[in-house]
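Structure first, commentary second.
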Amino acid sequence: MPTFHGRSLDRLQAVQVLFQAEAARRSVSAVLGDVYLVSDEAGKENLVTTGPVRPYAREISLGVEARRGELDSAIAEHSIGWDFSRITPVDKNLLRVALYELLFEDDVDVAVCADEAVRLAKALGGEDSHRFVNGILGAVARSELAKASEPDDGEAPGETPEEASDEAREGGE
């Protein structure tokens, strides 16, 4: 397995926490609250009550848990030809982490989300996981970009706010 550092390690830890919570049918909070023993260089075991999870991994894990329904809906909507129940738990959790960052973390670039998820899928998933993950993330990113470019406030496509106001006034007379 490749070595992960920084936010890459945080994402890996988040996937592991989410996978463990799902497999054990426990809440993310419960998994994060588990007691861990960590050995130091001398082999002495030290009790770590909050778990060896980095702060950003904790934030992602709890964020995914809070928005799991939205994330799973996005995955199901964009996994054309795949029933959601057939997606492996590893791939689901990779996608949940990446989509959480893509949709709800403003400081993470779309390309970074996709690159990191594909890298993790190559390390953790099956033979074609990285292609599947990349495809879903690409579809969601295109969908979000299309939504962002849609006009707001009831404007018709291509209308300026002034044209919409003029039309509304004419219709109201």
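The values are calculated or read from the model by the stated rules, or taken from the named source; none is laboratory data. Please read these numbers as outputs of a predicted model, since none were measured by experiment. Glycine also receives a Cβ, built like all others from the backbone with ideal geometry; neighbour counts cover every protein chain displayed.
Of note:
- Close pairs (8 angstrom Cβ cut-off, 6 or more residues apart or separate chains): among the aromatic types (F, W, Y) in segment 125-151, buried (at least 19 other Cβ atoms within 10 Å of the Cβ) and part of a helix (DSSP H, G or I) anywhere: F132/D91; F132/A121
- Whichever residue in segment 126-153 is over 18 Å from the mean Cα position of the chain (by Cα) and part of a helix (DSSP H, G or I) and, among such residues, is farthest from I87 (Cα to Cα): S149
- Counting only residues that are among the acidic types (D, E) and part of a helix (DSSP H, G or I), segment 105-125 holds 2 of them.
- On inspection, R131 does not qualify as at pLDDT 80 or above, more than 23 Å from A14 (Cβ to Cβ), charged (D, E, K, R) and surrounded by fewer than 19 Cβ atoms within 10 Å (Cβ to Cβ).
- Residue list for segment 1-28, restricted to those being assigned to a loop (DSSP other than H, G, I, E, B) and surrounded by 12 or more Cβ atoms within 10 Å (Cβ to Cβ): F4, R26, S27
- Of the candidates G33, G43, the single residue that is free of Cβ contacts under 8 Å to residues at least 60 places away in the same chain, over 21 Å from the mean Cα position of the chain (by Cα), over 26 Å from V133 (Cβ atoms) and surrounded by 12 or more Cβ atoms within 10 Å (Cβ to Cβ) is G33.
- Listed conditions (1) modelled with pLDDT under 95; (2) surrounded by 11 or more Cβ atoms within 10 Å (Cβ to Cβ) are all met by E65, apart from (1).
- Of all residue pairs spaced 6 or more apart or on separate chains, those with beta-carbon atoms under 8 Å, a first member in segment 72-91 that is under 10 Å from I136 (Cβ atoms) and a second member that is not in a helix (DSSP H, G or I) and not hydrophobic (A, V, I, L, M, F, W, C) are I87/S79; D91/G125; D91/G126.
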